[in-house]
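Only one structure is covered here, and it is reproduced in the block below.
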Amino acid sequence: MKTKKLVNQFSNSELTIEKLRTYKGFENFTDEQAQKFITNIKRLTKLLFGMYSNNNPSKVF
């Protein structure tokens with residue numbers, strides 16, 4: 001039985017369809033499904049970062 005990769009919190013590379021399929025639960029995604037998922041992850045990331053940035057403004061001294 002092949003062990004699936006865990007998400008590496010320090011990964012600096014962009015998520016690709018091929019890379020997405022290496023994670024458990026995403027093995028059988030079609031190209032279209034995978035691309036939609038990747039697009040939605042990017043949107044969610046921007047939304048969460050925007051919320052974080054608004055709640056934690058930079059302090060200038």
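Just flag the trypsin sites (Lys or Arg not before Pro) in the range 13-54 sitting in loop per DSSP whose Cβ has no more than 14 other Cβ atoms within 10 Å.
ARG21, LYS24
Output wanted: per-residue J couplings in Hz (rounded whole) for the range 23-31, from phi through Karplus 6.51 cos²θ - 1.76 cosθ + 1.60, θ = phi - 60°, x for Gly and Pro.
8, 4, x, 10, 4, 9, 5, 6, 4
Only the coordinates and a few stated rules stand behind these numbers; no lab work does. Keep in mind the model is a prediction, meaning the values are calculated, not measured. Cβ sites come from the backbone with ideal geometry, for glycine too, and all protein chains shown count toward neighbours.
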